[in-house]
Amino acid sequence: MRLDKLLSNASNLTRSQAVRAIRDGDVLVDGEPITKSSTHVSEANHVTYLGTVISEPKPRYYMLNKPLDCVSANRDKNSLTVFDYLIVPRRDQLHVAGRLDRDTTGLILVTDDGQWSHKLTSPKHEHFKRYRVTLAEPITEQAIHKLEQGIMLEGETKITRPAMVHTLESNLIHLSISEGRYHQVKRMLEAVGNEVVGLHRESIAHIELDTDLPLGKWRELTIDEIDLSNS
């Protein structure tokens, strides 16, 4: 890895600040000042910045209980984003794994591990996402049957994959889907003659939203939660 990239990844320095620090002789590699930022280093090298050991940071994984009117983006001029709630270093290196609409609450996963998030969210891996859905009208057996068989959404040419439906109350269901089409849950219920008035994501794959986590709060994932072989 390039020395300037390592330094910016492992500190709060921007890439340009890291280049400047290296040029100024603040970074030592195996005890010697290295002033060329493009120098490549490996785990075998001992790298320090102003006396502090620098090493490639481990991937990070977080869950957030997303509140209403929070945008699943790194920045937004008009609204609070996931990253206004997730107060951790180097937030610009993180991304959301499985976005939610601004009017949907619940489980958001954030990481800097691109391979992990792709495996988690790619439809080919068939990881189910479970939502608690509040409906405008009572759910009918006919609607449940259609959802569980797969339905054609307006403007699309391929039916949805079969969903799993569990009725909690007449107007409240658990809906689990293994895709992530645009506004999919809302469009699926609209297609069967109902309307979503409240939507809350409770799980992705085997990762359950921590019930002790209030809206707007976050925590790191556990080792078992990170391990996608559990799904």
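Does residue 94 satisfy the condition of being open to solvent by less than 60 Å² (accessible area, probe 1.4 Å), more than 21 Å from residue 185 (Cα to Cα), at pLDDT 90 or above and of a type in the set (A, V, I, L, M)? Yes, satisfied.
Residues in region 186-231 that are of a type in the set (S, T, N, Q), crowded, with 17+ Cβ neighbours inside 10 Å and over 16 Å from the mean Cα position of the chain (by Cα): 194 alone. Looking across region 42-70, the residues that are out of contact with any Asp or Glu (no Cβ under 9 Å at 6 or more places or on another chain), of a type in the set (A, V, I, L, M, F, W, C) and either surrounded by 14 or more Cβ atoms within 10 Å (Cβ to Cβ) or in contact (Cβ under 8 Å) with a residue 40 or more places away in the chain (or both) come down to 54, 64.
The number of residues in region 99-115 that are in contact (Cβ under 8 Å) with a residue 24 or more places away in the chain, under 12 Å from the mean Cα position of the chain (by Cα) and open to solvent by 20 Å² or more (accessible area, probe 1.4 Å) comes to 3.
The set of residues in region 132-163 that are touching a His at 6+ places or on another chain (Cβ under 8 Å) and either more than 21 Å from residue 101 (Cβ to Cβ) or open to solvent by less than 20 Å² (accessible area, probe 1.4 Å) (or both) contains only 133. Tally up the residues in region 116-141 that are in contact with a Ser or Thr (Cβ under 7 Å, 6 or more places away or on another chain) and without any contact (Cβ under 8 Å) to a residue 40 or more places away in the chain, please. Number satisfying all stated conditions: 2. The residues of region 33-85 that are of a type in the set (Ser, Thr, Tyr) and over 19 Å from residue 114 (Cα atoms), listed by number, are 35, 37, 38, 39, 42, 48, 49, 52, 55, 79, 81, 85. The set of residues in region 96-115 that are more than 27 Å from residue 196 (Cα to Cα) and assigned to a strand (DSSP E or B) contains only 111.
Looking at this structure, is residue 217 among the charged types (D, E, K, R), at pLDDT 95 or above and under 17 Å from residue 147 (Cβ atoms)? Answer is no for this residue. With the structure loaded, tell me whether residue 74 is open to solvent by 20 Å² or more (accessible area, probe 1.4 Å) and within 20 Å of residue 14 (Cβ to Cβ) or whether it fails that test. Yes.
The values are calculated or read from the model by the stated rules, or taken from the named source; none is laboratory data. Model, not experiment: these values are computed from the prediction. Counting neighbours? That spans all protein chains shown, and the Cβs are built from the backbone with ideal geometry, glycine included. Accessible surface areas use protein heavy atoms only, side chains included; no ligands, DNA or RNA. Shrake-Rupley method; radii C 1.70, N 1.55, O 1.52, S 1.80 Å.
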